[in-house]
1. Contact list please: Cβ distance under 6 Å, first residue in the stretch 351-362 and assigned by TED's automatic domain parsing to the domain that holds TYR221, second residue assigned to a helix (DSSP H, G or I) and crowded, with 19+ Cβ neighbours inside 10 Å, pairs at least six apart or on different chains.
2. Search the stretch 329-345 for residues being touching a strand residue (DSSP E or B) at 6+ places or on another chain (Cβ under 7 Å) and hydrophobic (A, V, I, L, M, F, W, C), and hand back the single one that is farthest from the ligand (Cβ to nearest atom).
3. If we keep just the residues of the stretch 125-147 that are of a type in the set (Gly, Ala, Ser) and in contact with a Phe, Trp or Tyr (Cβ under 7 Å, 6 or more places away or on another chain), which is farthest from ASN241 (Cα to Cα)?
Amino acid sequence: MTSVSPVTQKVYNNAQDFMPLNGTDYLELYVSNAKQAAHYYKSAFGFQSLAYRGLETGSRDTESYVVVQDKIRLVLTSPLRSGTAVGQHIDKHGDGVKVTALWVDDATYAYEEAMKRGATHYMSPTIEEDKDGKVVRSGIYTYGEVVHIFVERKDYNGTFLPGFIKWETRYNPAPIGLKFVDHMVGNVNLGKMDYWVDFYAKVMGFTQIMSFDDNDISTEYSALMSKVMSNGNGRIKFPINESAPGKRKSQVDEYLEFYEGEGVQHIAVATDNIIETVTMLRDRGVEFLQVPSSYYDELTERVGQIEEDIEALRPLGILVDRDEEGYLLQIFTKTVQARPTMFFEIIQRKGARSFGKGNFKALFEALEREQELRGNL
Ligand code: FE2
C-alpha cells in the first residue's frame, strides 16, 4: 500500500465520517449560451465576474464563465462546436446543473472511498497545475447525468482552477446578499428515491435527516415524496424527490418529462436579509411564484411571532415556517431557463433547520398554477 498524507491518515482514523466534505466548491451548469447566461446571473442575481476559459486560453471545444457571490461559484459552460459532450447534454436536457463540486482535503482519497463503496466512475484523480499551484480533482456519477467532482485545492492560490484566467469586466452590478448553497434538490424517477437515499448513505456516508411523504406534500391534484440526505457536518444537504400517486401529473413528473431524465430541480441559496435580497431580485427582473394573499392572513396563527413585518413579506410573496428550533423564510423563483425545469430558492434561516413543510401546500399549489398555464398539469 502506498503511504498516505497526514490528512488522509486523519480521515482513516475517523471511521464515523469517511467522506469529510468542507462545503460546495462550485456548481457547473451546461447552458446553450454561457456568455449571455453569465450576464443574467450578474445583472439579475448579483454575481460578480471571476474567471474565464475559452479559445483565448487554449480551450478549443468549450467556453466557461465563472461568476461568484460570497461562497457561491457558478461555472457556466457552452460548446464551441457541434458534437461535444456538453452540446449533447444540452440537446437532451436543456440548460441545467451538470456538476456539483464538493470541496475536500483529499480528492484521491474521496474518490477511492466512494468507488470502494460502489460509486460509478466519472473522473479519475487528476492533477491540474499552473503558476498558482495545483488542484486535484476526481469525480463520480449521481442521479441522471449529474456528477459530483471532488476538489482538493489546498495547494492552489489562483483565481479559480488551473486553465482559467481572471475575468475582469467594467460591468459589475452590486451583489444582492446571496451567501452560500443551503441545499440542492434532485428529482429522480418513480421508485428511485430510496435507491438514491441508499447511494448517499452507503457511498458518501450521508445520513437521512428528514422525510416527507405524500400526506405532507399533496395538493388536490398531485403528490410527491422527499427524503433529505446530509453529510456529517451538515454543510451539504441533498433532498431527493420522487412522485407519489396523484390525480394529475406532479411537478416532479413535469420536470422529468422536460429535462428528459433525473436532475437538479432547485438550488437553495442562503441570505441574511431575505426582504432586501428579494426586493433587489424583483427589481432586477427575477420572477417568483406567488401564493394567495390569504396565506398572510393566517400566518401569525400558524408560525407565531416573527421579527419581520408580515406586511413587508406579503407584497414580496416570502413564505414563513417554524419548527422546534426556530423559523425560516423562503421563496421560490419561477424556472430560469427555456424548459420548465430548474429554479432557485432563496432562504433565510432563523434557527430552523427544516425545509418549510408548513409551506408545501401553498407552494405546490402555486407551482401547479404555473404547470396548468403550461398545459402540463
Ligand atoms: Fe428547497
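The values are calculated or read from the model by the stated rules, or taken from the named source; none is laboratory data. Since we're looking at a predicted model, the values are computed, not measured. Using ideal geometry, Cβ is built from the backbone for each residue, glycine included, and neighbour counts are taken over all protein chains shown.
1. ALA362/TYR295
2. Residues of the stretch 329-345 that are touching a strand residue (DSSP E or B) at 6+ places or on another chain (Cβ under 7 Å), as a first pass: 329-336, 341-345.
From what is left, the residues that are hydrophobic (A, V, I, L, M, F, W, C) are 329, 331-332, 336, 342-344.
Numbers: LEU329: 13, ILE331: 11, PHE332: 8, VAL336: 15, MET342: 12, PHE343: 10, PHE344: 9 Å.
Result: VAL336.
3. Step one: list which residues in the stretch 125-147 are of a type in the set (Gly, Ala, Ser), which gives 133, 138-139, 144.
Imposing the further condition that a residue be in contact with a Phe, Trp or Tyr (Cβ under 7 Å, 6 or more places away or on another chain) reduces the set to 133, 138-139.
On the way: GLY133: 40, SER138: 26, GLY139: 23 Å.
Among them, the one singled out is GLY133.
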